[in-house]
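Report on one structure; see the data block that follows.
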Amino acid sequence: MKRSSILVFALLFGRKVSAQEIITPPVNQVKIGKSLFNNDVKRNFSRKGEWFVHWGWNFSWYDTSDLNFKGPGYNFTLKNITAKDRPSKLSTDYINPLELTTPQFNFRFGYFIKDNYSISLGWDHMKYVMDVPQTVNVDGYINATISDPAIPTGAYAGTYNNTPLTVKGDMLKFEHTDGFNYVSTELERYDDIWVAKSQKNMLTMETGVGVGLMIPRTDVRLFGVGENNFWNIAGYGISAKAGLKFHFTKKFYIQNTTKIGFTDLSAIHTTGRDDIDGASQTIRYLENFTALGFQF
């Protein structure tokens, strides 16, 4: 009720009105963000102040990438290597609480800072497997022995100047399979596409941008020497996403989202001799995930 209405009501009905009622208008208006798809507000509630959490699974596709290895006796770059993801076969691992982190998964929780904006923190657990064998061009040099203690390189020793080379298993195994982990903060926007009269079902478009750290666990064998290295902060990533979220109740939803990303990994662990041996690469990827979520 507006202040002028309070005064009229008091004059007509003789009710005493406090100064607090006149000075302070009641706060009962719900602020709802306007959708890009419709100028009319279809909801009667705001998301501001709510939390959400979701869990799902992903598939990823990778652009070609230059991969550099450097250490005592070697500094060479494999150019335009190809790689793929490694989704787990359909099994109970996807629902077994003890194996939930085995498949390629996505986990995210966040908070609505406004009705149509949220901030979130999440973990994209992708997997990256270099195709071996494959033929690539190579720049750099490889001595007859490398690293310390010495690792013999056999027929791969030489100087390379954009030279074609077939990379086989006796030269290299290279995988971020436990995994290609992107831990990120994201800012999301939501635009209602459709809202049911019941206010319980709705279809919403979600878009967002993110930035975060790359924390891979990299499994490497370089000329037969290496290990499944421990997780380490290897670099950073940036990303953008767009997708659809369908609420089948007011609290529960399912969503499908596509994300594009760029990552710069400058401190990849290789042979296990982290003080002298290492690798670096930039990876561009396309990721699609489906997740089930809860909003509260």
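What to note about this one:
- Rounded to the nearest Hz, the phi-derived 3J(HN,Hα) couplings of segment 223-235 under the Karplus curve 6.51 cos²θ - 1.76 cosθ + 1.60 (θ = phi - 60°) are 6, x, 10, x, 6, 7, 4, 6, 4, 8, 6, 9, x, where x marks glycine and proline.
- For the chain, the relative contact order works out to 19 percent when only alpha carbon pairs closer than 8 Å and six or more residues apart are counted.
- Average accessible area per residue (Å²) across the chain - probe 1.4 Å, nucleic acids and ligands excluded: 52
- Convex hull of segment 129-212 built on C-alpha atoms - directionally averaged projected area, nm²: 10.4
- Every Cα-Cα pair in the chain was counted, and those over 25 Å apart are 59% of them.
- Mean projected area (nm²) of the alpha-carbon convex hull when segment 101-244 is viewed from all directions: 12.0
- For segment 94-233, carbon and sulfur atoms together expose 61% of the accessible surface, with a 1.4 angstrom probe and every protein chain in place.
- 3J(HN,Hα) couplings calculated from phi for segment 184-191 with the Karplus curve 6.51 cos²θ - 1.76 cosθ + 1.60 (θ = phi - 60°) are, in sequence order, 9, 9, 10, 10, 10, 10, 10, 10 Hz; Gly and Pro show x.
- Among 39-45, 247-253, the peptide with the highest mean count of other Cβ atoms within 10 Å heads the list, and the full ranking is 247-253, 39-45.
- Per DSSP, loop trypsin sites (Lys or Arg not before Pro) in segment 112-200 with at most 14 further Cβ within 10 Å: LYS168, LYS197, LYS200
- Over 24 Å between alpha carbons, listed pairs LYS127/LYS173; LYS168/LYS259; LYS114/LYS251; LYS70/LYS168; LYS79/LYS127; LYS200/LYS259: LYS168/LYS259; LYS200/LYS259
- Per-residue [θ]222 nm for the chain (sum of -39500 (n - 2.57) over DSSP H runs n ≥ 4, rounded to 500): -1500 deg cm²/dmol
- The C-alpha atoms of the chain define a longest principal axis, and helix 3-13 lies at about 30 degrees to it.
The values are calculated or read from the model by the stated rules, or taken from the named source; none is laboratory data. The model shown is predicted, which means the values in this text are computed figures rather than measured ones. Glycine also receives a Cβ, built like all others from the backbone with ideal geometry; neighbour counts cover every protein chain displayed. To get the accessible areas, we keep the full protein, side chains included, count just its heavy atoms, and leave off ligands, DNA and RNA. Shrake-Rupley method; radii C 1.70, N 1.55, O 1.52, S 1.80 Å.
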